[in-house]
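Participant: Shown below is the structure under consideration.
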Amino acid sequence: MHIGLIGGIGPAATVFYYERIVQAFSAAEQPLHLTIAHTSALTLSHNVATGRPDLQAAEFHRVTGQLAAAGAEVVVITSMGGHFCAKEFAALSPLPMINGPASVADYLKHQEIQRVGILGTRVVMQTGLYGFLSELDPVAPIGNDLAQVNDDYVAMAIAGEATPGQRERLLAAGERLVRDQRAETVLLGGTDLNVVYDGAALEVPVIDSAAVHVDVIVNTALAKP
């Protein structure tokens, strides 16, 4: 199966998806067919902030046309935040989409995890991954933590790297979700959070939504030669 990735939202997230998929196909000793089409993290951030899923869906439709022309058979949004327009995009897309939040929800149910603390953009945290975790018990940072996590995440996603201050605040916010709000685990609901969490010495259990999404992408692609 030829995989189409919508990349650039942000660059670090695109690299994460690409590297993980390459590694998985190499381990399976199978040829990989993959194309990446670039779009803008700044455009995504603006459309999220102004509540315009229609505009973002149109932009995703534009770049998916490039992927389809290159031979892609499925499309992947390499950003959990980018799924805020998933419904609108699915209605336009010339390719079937492997949905990230849906993949995460299925994984959490299979693992029998109920109370999960979410880090990511404001809309991801407040909606429980756009409602996909509604059957569970999602919790988000409270008070000033909510705005700070959102601001740190957006800045980090655009830059493709985290400052020491952003790293420290995001790790601390995750720990508070477990310690103060009794979350069973911290869900990294923003793909770029791997910049902070990969290789960090963690005091709380963490699930990376992007890693879960990648596993579903790989399994789907390998199931169809």
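Participant: Which order do K224, K87 fall in if you start with the one that has the fewest other Cβ atoms within 10 Å?
Facilitator: Values: K224 9, K87 12.
With the sparsest Cβ surroundings first, the list reads K224, K87.
Participant: Sticking with this structure for a sec: Rounded to the nearest Å, what's the spacing between the alpha carbon centres of the stretch 184-210 and the stretch 94-139? Just the number, please.
Facilitator: 14
Participant: Against the longest alpha carbon principal axis of the chain, how many degrees, from 0 to 90 and to the nearest 10, is the axis of helix 100-110 turned?
Facilitator: 60
Participant: Which values of log₁₀ I(q)/I(0), to two decimal places, follow from the Debye formula for the chain at q = 0.12 Å⁻¹ with a uniform point scatterer at every Cα?
Facilitator: -0.60
Participant: At 0.36 nm per residue, and after removing the present C-alpha to C-alpha distance, how many nm does the segment from K87 to E135 gain when stretched out fully?
Facilitator: Between K87 and E135, full extension yields 15.4 nm more.
Participant: Taking 0.36 nm per residue of separation and subtracting the Cα-Cα distance, what length does fully extending D54 through S40 add? Intermediate values should be presented prior to the final figure.
Facilitator: On the way: separation 14, 0.36 × 14 = 5.04 nm, distance 1.56 nm.
Net length gain for the segment: 3.5 nm.
Participant: What area, in nm² and to one decimal, does the C-alpha convex hull of the stretch 1-75 cast on average over all directions? Walk me through the intermediate numbers first.
Facilitator: Values: hull surface 19.7 nm².
In nm², the orientation-averaged hull projection of the stretch 1-75 is 4.9.
Participant: Taking only the alpha carbons of the stretch 159-217, what extent do you get along each of the three principal axes, in Å, biggest first?
Facilitator: Taking max minus min along each principal axis of the Cα atoms, the stretch 159-217 gives 34, 27, 16 Å.
Participant: Specify the residue with the greatest mean-square fluctuation among Q181, Q56, Q111, computed from a Gaussian network of the chain linking alpha-carbon atoms under 10 Å apart.
Facilitator: In the Gaussian network model the winner is Q111.
Participant: Just to confirm the number: angle between the C-alpha axis of helix 11-27 and the first principal axis of the chain, 0 to 90 degrees, nearest 10?
Facilitator: Orientation of helix 11-27: about 60 degrees from the principal axis.
Participant: Let me ask another. Please build a GNM for the chain, connecting alpha carbons under 10 Å apart, and tell me which residue among F16, F25, F60 fluctuates the most.
Facilitator: In the Gaussian network model the winner is F25.
Participant: As a test of the formula, what do you get for the chain when each DSSP H run with n ≥ 4 contributes -39,500 (n - 2.57) and the sum is divided by the residue count, at 222 nm and rounded to the nearest 500 deg cm²/dmol? Walk me through the numbers before you get to the answer.
Facilitator: Working: 10 runs with 118 residues, N = 225.
After summing the helix terms and dividing by the residues of the chain, the value is -16000 deg cm²/dmol.
Participant: From the gyration tensor of the Cα coordinates in the stretch 101-209, what semi-axes in whole Å does the equivalent ellipsoid have, largest first, with each one equal to sqrt(5λ)?
Facilitator: Values: eigenvalues 84, 39, 35 Å².
After scaling each eigenvalue by five and taking roots: 21, 14, 13 Å.
Participant: Please give the helix 144-159 orientation as an angle from the longest Cα principal axis of the chain, in degrees from 0 to 90, rounded to the nearest 10.
Facilitator: Result, in degrees: 30.
All of the numbers you see were taken from the coordinates with simple rules; none came from a lab. None of the values given here were measured: they were computed from a predicted structure. Every residue, glycine as well, gets a Cβ built from its backbone with ideal geometry; the counts of neighbours run over all protein chains shown.
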